[in-house]
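Below you'll find the structure, written out as structure tokens, and then a few comments.
Bear in mind that the values in this text are calculations on the coordinates, not laboratory data. Not measured: the values here are computed from a predicted model. Backbone-built Cβ (ideal geometry, glycine too); neighbour counts: all protein chains shown.
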Amino acid sequence: MRSAPAGYGVFEAPSDQAAGLRQLFPPNASLRLLAVGCASGDARDRAGVEAIAAALGNGGSRTLLVDLGGARVAAASGEGCAAIERIDAREALPEGADARRLARFVRALQARDAAAGGAFDAVLVAGDALRVADLAAGLADGIVLVAPARAAALANTYSQIKALHLAHGFARYCVAFVDADSRASAATAHRRLADTATRFLGVAVEFGGVLCAGGESPDWNRFAAAWNGWQGAPAPRLRH
């Protein structure tokens, strides 16, 4: 895991928070951003994040994983994948950092890699959902949540979606499940969550698939294949 570039410091807060963000990550740019929030932050959520990163890399993207969570899980799904570059960004992007700081941080890394003859074309920002949302607001119009499918955990996931919606007004949400007994149980959990979010918040929650216990899942590969060819919103729709 790499550390932040030497000399990286605090950037001056913009006078207009939205000004310039789309110029830093323009919609038609080759660099794409995927915001992934961990609903609980436990080892299963972390495994889900790493499986998504691995799927993006295996699907053809050279992926920079901007890791706000710190500890890796055992036998990480992305271990050994040359297309994934991980950086521990907890110090470079501390609490209170915003989208402009994230954009400049990523651009600094991109410039450094380009000078060394390499470059990444996809950025996966992962960590606590609210912290990721603070960084991605203005750069992404949606967020993926890696969450448990247990009935007892759905209320917490809904509360996070509500908080994200009220704080940043994301247009799209996608929930990928990590502990479902079956695809059918995950689909049932998703329908309950999506129906509640549509009824009370007026937002759409898409189905992001299921991570199998062994760390491999056709859903993640399909998710990555769809997203790798998409320059717009971050969450491809998967059929139940």
Next item on the list: Of the options 151, 167, 129, report the single residue whose Cα projects farthest towards the positive end of the charge dipole of region 116-216 (beta-carbon charges: Lys, Arg +1; Asp, Glu -1).
Entry: 151
Check: Extension gain residue 171-residue 184, at 0.36 nm per residue separation less the Cα-Cα distance, in nm?
Finding: 2.0 nm
Next item on the list: For region 143-193, just say rounded, prolate or oblate: build the C-alpha gyration tensor, square-root its eigenvalues into a ≥ b ≥ c, call rounded for a/c under 1.5, and beyond that prolate if a/b exceeds b/c, oblate if not.
Entry: prolate
Next item on the list: Determine the shape class of region 88-155: with a ≥ b ≥ c the square roots of the Cα gyration tensor eigenvalues, call it rounded for a/c under 1.5, and otherwise prolate if a/b is greater than b/c, oblate otherwise.
Entry: prolate
Next item on the list: Take the alpha carbon atoms of region 143-164, find their center, do the same for region 95-142, and report the distance between the two centers in whole angstrom.
Entry: 23
Notebook entry, point to check: So for the pair residue 115, residue 201, with labels modelled 7 Å out along Cα→Cβ, what separation do we get in nm?
Noted result: 4.1
